1. Here are some residues: 162, 187, 179. Which one is among the charged types (D, E, K, R), at pLDDT 85 or above, surrounded by 10 or more Cβ atoms within 10 Å (Cβ to Cβ) and in a helix (DSSP H, G or I)?
2. Check whether at least one residue in the range 204-215 is open to solvent by less than 70 Å² (accessible area, probe 1.4 Å) and modelled with pLDDT of 85 or more, and report yes or no.
3. Out of 121, 100, report the one residue that is among the charged types (D, E, K, R) and under 21 Å from residue 11 (Cα atoms).
4. Would you be able to say whether some residue in the range 217-224 is surrounded by fewer than 10 Cβ atoms within 10 Å (Cβ to Cβ), modelled with pLDDT under 70 and of a type in the set (A, V, I, L, M)?
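The values are calculated or read from the model by the stated rules, or taken from the named source; none is laboratory data. Because the structure is predicted, anything quoted here is derived from the model rather than measured. Don't worry about glycine lacking a Cβ; one is built from the backbone with ideal geometry, like all the others, and counts go over all protein chains shown. The protein model used for the area step is the full one, side chains on, heavy atoms only, and it has no ligands, DNA or RNA in it. Shrake-Rupley method; radii C 1.70, N 1.55, O 1.52, S 1.80 Å.
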Amino acid sequence: EVLTALYATEIDKQIDMGRYKTAAKVPAPLTPEDLNSDSASTSAAADAVLKPPTARDGYQPTDVWSKQECSAELISCIVQAHQMYTSPDDGETVSPTFDKDDDMAMRFVTAAANLRQYVFKIDPIQSLYSAKGIAGNIIPAIATTNAIVAGLQVLQAFHILKVQMEAEQDGGGGDEKEKKEAEGRYKSCCRLQYCLRNPTRKGYLLQPTLLPDPNPGCFVCRSATVTVTLDTSSWK
């Protein structure tokens, strides 16, 4: 029922709402036959489908799973996680974070992602081996992106500190005229930095632009505060 709700009912609901009417490929909700072994012609075939592919004889990590195999693998991971959670004395516990070296986590992600690919007609379907390679590249990519953005933020913070130090050295006070002059200096030295996917004709990957004027209707730009008092003894 959970898989049907995720890969059939919810997709039908989104299609009825017209969410994918402009999509190049309209998603195809999975049928009950896609998610179980009812379509198997023999009991032996049904048993094979019900058994997760990673538990079968002759299994290879490079094998690409069918819809029914993904469903069986996903259910197997959920059952295994439930058993590990309810029986912590066995020495195995469910990891609170994702780890590409966690076999159950990778089997779960591969099966769930492949079912999603079948729904949205995304090719190619990934094997467990390929999915593990992709997952291994995601973490370094996120870490690298975060480092670049954090570095740009620190550089802009240096500009703000420089303006503040220059204002103090000039003996600036707190009147409205000097505040406006300080805002003008902030705008002249700080930049919005856009990280480009492809370099410009000059080979730049960062594109700086001037800061926009403060929006008088913006709560942050106006530096406004609102004090809210809540009586916790009477509020329910």
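1. It is 162.
2. yes
3. Unique residue meeting the criteria: 121.
4. Yes - at least one qualifying residue is present in the range 217-224.
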